[in-house]
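Readers should treat all values here as calculations from the given coordinates under stated rules, not as data from a laboratory. Since the structure is predicted, the reported quantities are computational estimates derived from the model, not experimental observations. Note that each Cβ is placed from the backbone with ideal geometry, even for glycine, and that neighbours are counted across all protein chains shown.
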Amino acid sequence: MLESGWYPPTATTPEERLDHYAANFPLVEVDATYYHPPALRTAELWRDRTPDDFTFNIKAFSLLTQHPTRVRSLDKDLRARLRTAKSKVYLRDVGTEIEEEVWQRFLSALRPLHQARKLGAILFQFPPWFPARRRGCAFRLRSRQAPASRDARSTHL
């Protein structure tokens with residue numbers, strides 16, 4: 001989008017580009033969260049820097065959608081616990097404990113947008129090879145639930 005010339009030359013920072021974008025559109029789809037989970041501080045800044053009626057549709061982190069995920073995209077402490085030489089992992093590779101931690105952190109980071117009524121959809125882009133059979137459908141249905149409904153230790157939005 002930067003190369004398109006759509007942003008004014010004076011919009012040189014992410015904050016200025018978000019201001020310009022939010023002044024022209026009522027919602028945005030955030031794709032960056034597919035590649036790396038959002039930070040709480042980032043969501044707080046998005047909330048604070050946009051109009052009250054602005055909406056963020058957030059793409060779910062790749063690990064949560066059965067896509068291969070770069071290990072370096074995980075938080076440093078989770079990478080250390082994972083202990084793998086692989087550069088990419090699938091959800092099945094990380095184990096239940098790390099899976100639940102990734103879910104909890106992803107949803108917790110989005111809490112400021114949810115509380116401000118600025119969170120629209122969380123988009124789950126499943127890979128084309130992910131089965132539409134029983135296992136795939138069960139995973140999709142489970143993904144609709146906050147981790148707290150699957151595990152009492154986790155946190156809702």
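When the chymotrypsin sites (Phe, Trp or Tyr not before Pro) in the stretch 36-109 are filtered for DSSP coil states and for at most 15 other beta-carbon atoms within 10 Å of their beta-carbon, the remaining sites are Tyr90. By the Cα gyration tensor, the stretch 1-66 has an equivalent ellipsoid whose semi-axes, rounded to whole angstrom, run 22, 15, 11 from largest to smallest. Available extension along the chain between Asp31 and His114 is 28.1 nm, counting 0.36 nm per residue and deducting the alpha carbon span. Applying both filters, DSSP loop and at most 12 other Cβ atoms within 10 Å, to the trypsin sites (Lys or Arg not before Pro) of the stretch 70-130 gives Arg83, Lys86, Arg117.
Of all lysines in the structure, those lying under 16 Å Cα to Cα from Lys86, and not within fewer than 8 positions of it along the same chain, are Lys76.
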